[in-house]
Structures are given as structure tokens and as C-alpha cells.
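First comes the structure, then the notes that go with it.
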């Protein structure tokens, strides 16, 4: 029989957040540690073990943990390894699931962070009850988690859902961190918005509050603040971003005909500034049979909660020995 | 207990082919009728019933049919309806599954033709044993059937897998039959190859055997024949087609990380002429983590067999009353 709690861990480049979660999805206790503090991966696992154990004991949940689920950058559901994660301080591949299972004496399943968020959204958020939806995370990069027929799409090798690396500009596209050019991520991530700002400021001559800032240091937050204060150029940067994302979502619809897209992550906080141009562009670009039929929603979860809850759901999947 | 045979029906705009199939995938008898002969859909169903019944009786399979599976243009697995099929002579929507079930007294499940081919390929062809692959059909149009985790991807509304209508040229793209511009289908279908031929002949001035033909009447078969006879321009038409298809497959890989793509349909008969540029372009364009790791194969089935066998597999899915 399943034990009453699971642990969800959201492993990011800066922080690792974790929570104890019950079968109803309540986070009954949570805390976090600094991911980057340890240059040695085993030291990191040791601190994580100490801190998680402390929280488990304080919550009176000792010996009551069914499993551990982790969302980690490039975490592979099939292999339990982190395979190539530039934002983490340790050399890859990292045998994360095995190390955690060995240290905690509790079975562990991992997946990547966007998939964990999608599982969280499906279980507790805007995609509750949906069997076909696509989670798009707009953060430093663009990630995605795809659900088809109620199942997470992992693909043959566990790396499915790299929708940030679909090519949106085949000619003269922006350089992307993946080594290619024109990727969705180069335009529609927070970083992409800042790049668009620099491009617009250089090419255009109209006035903008953004001209008062150091162009090289402009962030998507600066663009958001300017747009909210009525800056026309800043608004057009969001229009441009949303237009490209809407084109991409139209193509993704031709793939898996989702009921909804759920937009998640930092840029999702831009509200209508980003949502209106996404929807306009989507309806203009999607195959006629889907016009007006696909929902585009914002996540209903706090970012940290989505990842912890989503990862924790994997803790119910573990098999007993 | 399941009865020992199923009927597979491949409904095309010109012909409707059908076969009686046993549990091992042997077509024990088959025949076909002309789809377009009847302006009234009920008359078509009547003739199909008469002919299929004749074949069933001749095979000694009366009362031994477990179910009927049909692959039809725009056939919807969920609703059993054909919803909008420009190549069929009857007004849509057509309640195909209900009409067939009522007439035959045997339960019927339908899907679209590309999905039926994918199911056939998974059960009996190049994708045997694969849980994640994408079938690409290159015919008059470009169709697709997507399999994820061993399951056909139908999507929320049953229309998933319209990969022929992913946008490959966002600027100045060719008009597509769907009313938009730049779709994969406008370039990589048999029709697309013929359009490329006309475009090349108009823009370029180099010699080609294709110049001896009436430009408006050129077919992909003409281009194939010229290329096989060493015509340089004709070969470049296949290079151009394969380049765009390879770019598309690279993007599709970012979606579902398939083990393989299976290329099916008329253009697949072009062999290396089309396969070599597809593979070159795929490897150049795919995200580095998948380089050299995704198979691109030709279908191993005869076209008619794939559709009949694939459709027939649905005949095992039917539920007993």
C-alpha cells in the first residue's frame, strides 16, 4: 500500500526547493537550499538529504514517504540522469535518481522542469481534467511539457518537448544557445524579449522610455514596466513576441490538437500585454478547423508550487520493491 | 471472445479497397469498388455492403467478422464522422461509422487515412515494435500519423497529426489548399514537387529535359523520370523538396522525439533521390542532441496493404455489445 506522503523537489540552477505533499496535493511543509553552493555533487546530495530529513521529521512524516519526484533541467525520466545542463555547477551526466534513491532509501523518479510543471498543472492547475494540452514555460529559455491522451510525452529517448527549439525564422534568425539560429527560444524567452528591445531600439528612431536605460542591461522586466507605463515601443515588443509565439502555437496545434496551451513562467506575468498578441496571432495562423477552438490560458499555479507539486506527483508513480 | 477476422477498408477519393484480414495480418481476400460512382452516399454504402458480403461469403467467413476498420480522408476516430473531405463526392459531415455499423450489423471504427497507414506500419511494417514514430505520407497532399508511447495521437478533437500544414515559409510562401500560405504540403507533396518544377523552369535558364514538356502539365513522375535520366535541374528539384522536408522533420523531432520517421506514399518511390537530401537536411537542422540518432525509413508496405491492414487493426478495437 502506498505511504501517505511524497516529496517533490524543484531543482533549479540557483535554488532547489522541496516540499512534502499529501495525496490531495497539499504542501504540508517546504523549504529550499542553494543549488550552487556545492562544487561537488555528492555534497549537494548530502545537504539536500539533511534538510529534507529535518523537514520530514518536523512534520512527523518519518517513514511515511512513498516516493521522491524531482524536476531538474534536462532531467531524463527514462534514465534518471541529468544529461547536459549548462546551468548546473556539476559535470554531466549526473545519475540523479540513483544518488537520491541510495541516499534517502526512498525510490526516486525524475523528469525535466517543464514536464514537472505540466504534471502539476494537469493535477492541480489550469489543465485539471484535460487529457491533451501543452505547457509552455517562458523563462530564461522556452520549455514545454506535452500531454497527449492523459500521458506525458517523453518520446523515444525521454527528451521530447523541446518546443523552444523549433525554428521560427529560417533566414537570418537570431543565434540560439543551442548553436543553431532562429529558434523560438531566441525570440520568446525573457532573454528574447530583451534582445528584441535592443534590436528595436537600434533599428527604430521613435521615442521610448527604454532609451533612458543601458541597452545592454535591459531586461524583460524593464520592457514590461515601460509598456505598463504606456510606452508604445515597449508594447510593440510584446506584440512582436506574442506574434511569434502565436505562430508557433498554431504549428504545435497541427501536431497534437491540444484542448489548451498553458503559459507558465516569468513572462506569463505580463498578462494581456503578451496574451492578446498571442491569441491574435494564433487565430490568424492556425489551420481553419481549429479557429476559435483551442484555449490559451495562463498557469493557475505559483511557479514554485507548480514545480514542486508536479515533481511530487512522480512520487506516486514509484514501484514498490 | 473475438471473432477470427476483421475487415479493413481504405476509402480514397477514387477507389475504395477492402480486405478480410486474420489475426496474423494476412489479407485472406480483397477487392475494391469505385468511390466516385455514386452521387448518393447511401448507394455507395449499399454497393460496398454487397461487394464486401460477396467476398466474405466466398472466403467462408460469414458471421466470423469481429469488426470493421476504415481509413478515410478526414475520418475522425472519436466521432466516426468524415468532416470536410474535398476529394469525396458527398456533402460532409458524413456519419460513416454509424452508417456502416447499421448496414453491416458489425461494429465499425474509422480514422483518417494517414493514421490507418501508421497503424499498419506499426503492426506489420517498418515501425514494428516501435512505440514512438511518425508516419509521413507524401501523396497529392502531405499527411501524417503520430505514435507516442505506443498510442496513436488523436488529440482533443481527433484531428491531430496535420503535419502537412505546419508553416515552412513564413514569408512569401506558396498558397496552400487550406487557404493559408507556406505549408509543408505546398512544397513536399507530389503536387508541390510539380510546382517546384514550374518555379525552377521559370526562374532559371539552365538546360533541362523538363523544358520539353508542357510546364502546366508536369507531374512529380516527370521530374522523377528526368532525374533518373541524369537531368541536373530535376535532381535539384528533389534536393529542394528533401531540404524542406528535412527541416520539418527536425522540428517534429523537438516535439515528440520519435525513434523513426517512416516515409510513405507516391514520392517515397523516388528512393535516394528524395531520401538523401531529407537525411542531409535533417542532420544539419536537428537539435544537436538528436544528431545521428533518429532513423528515417521508407515504408515497408505496399500502399494499398498498409491502409487496409492499418484500418483492419481498428476492427480488433471494437467493443462487444
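The values are calculated or read from the model by the stated rules, or taken from the named source; none is laboratory data. What you see is a predicted model; the values in this text were computed from it and never measured. Methodologically, a virtual Cβ is constructed for each residue, glycine included, from the backbone with ideal geometry; neighbour enumeration extends over all protein chains shown.
Being touching a helix residue (DSSP H, G or I) at 6+ places or on another chain (Cβ under 8 Å), under 30 Å from residue A:7 (Cα atoms) and surrounded by fewer than 24 Cβ atoms within 10 Å (Cβ to Cβ) is not true of residue A:296.
Checking each residue in the stretch A:13-50 for being in a loop (DSSP other than H, G, I, E, B), closer than 15 Å to residue A:309 by Cα and in contact with a helix residue (DSSP H, G or I) (Cβ under 6 Å, 6 or more places away or on another chain) picks out only A:25. Considering only the stretch B:51-80, state which residues are in a loop (DSSP other than H, G, I, E, B), free of Cβ contacts under 8 Å to residues at least 60 places away in the same chain, in contact with a strand residue (DSSP E or B) (Cβ under 7 Å, 6 or more places away or on another chain) and surrounded by fewer than 21 Cβ atoms within 10 Å (Cβ to Cβ). The answer is B:59, B:61. Looking only at the stretch B:237-246, residues that are surrounded by 23 or more Cβ atoms within 10 Å (Cβ to Cβ) and touching a residue at least 60 places away in the same chain (Cβ under 8 Å) come to 1 in all.
Assessment of the stretch B:302-320 against the conditions (in a loop (DSSP other than H, G, I, E, B) and at pLDDT 95 or above) yields no matching residue. Tell me, yes or no, whether the stretch A:87-97 has at least one residue that is at pLDDT 95 or above and at the interface with chain B (Cβ under 10 Å from one of its Cβ atoms). No - not one qualifying residue is present in the stretch A:87-97.
Residues in the stretch B:91-124 that are assigned to a helix (DSSP H, G or I) and within 18 Å of residue B:46 (Cβ to Cβ): B:96, B:97, B:98, B:99, B:100, B:101, B:102, B:103, B:104. All told, residue B:208 falls short of being more than 14 Å from chain A (Cβ to nearest Cβ) and closer than 30 Å to residue B:147 by Cβ.
In this structure, does residue A:289 turn out to be within 14 Å of chain B (Cβ to nearest Cβ) and more than 19 Å from residue A:185 (Cα to Cα)? In short, yes.
Contact map, the stretch B:84-110: first residue at positive phi, second residue assigned to a helix (DSSP H, G or I), Cβ cut-off under 8 Å, separation 6 or more or different chains; pairs are B:84/A:289.
Restricting attention to the stretch A:118-146, the residues that are away from chain B (no Cβ under 14 Å) and out of contact with any strand residue (DSSP E or B) (no Cβ under 6 Å at 6 or more places or on another chain) total 9. For the stretch B:134-159, which positions are at negative phi and either in a loop (DSSP other than H, G, I, E, B) or not assigned by TED's automatic domain parsing to the domain that holds residue B:247 (or both)? Matches in the stretch B:134-159: B:139, B:140, B:141, B:153, B:154, B:156, B:157, B:159. Only one of the numbered conditions (1) touching a strand residue (DSSP E or B) at 6+ places or on another chain (Cβ under 8 Å); (2) within 13 Å of chain A (Cβ to nearest Cβ) is not met by residue B:243, and that is (1). Each residue in the stretch A:147-160 was checked for being within 16 Å of the chain's Cα centre (by Cα), modelled with pLDDT of 95 or more and at the interface with chain B (Cβ under 7 Å from one of its Cβ atoms), and 2 of them qualify.
Residue A:140 satisfies every condition listed in (1) surrounded by fewer than 23 Cβ atoms within 10 Å (Cβ to Cβ); (2) more than 15 Å from the chain's Cα centre (by Cα); (3) over 30 Å from residue A:3 (Cβ atoms) except (2).
Looking across A:183, A:176, one residue alone is farther than 28 Å from residue B:153 by Cα and within 11 Å of chain B (Cβ to nearest Cβ). It is A:176.
Quick grid of which residues meet (1) in contact (Cβ under 8 Å) with a residue 12 or more places away in the chain; (2) within 16 Å of the chain's Cα centre (by Cα); (3) surrounded by fewer than 23 Cβ atoms within 10 Å (Cβ to Cβ):
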| position | (1), (2), (3) |
| --- | --- |
| B:232 | yes, no, yes |
| B:258 | yes, no, no |
| B:272 | no, no, yes |
| B:276 | yes, no, yes |
| B:290 | yes, no, yes |
| B:308 | yes, yes, no |
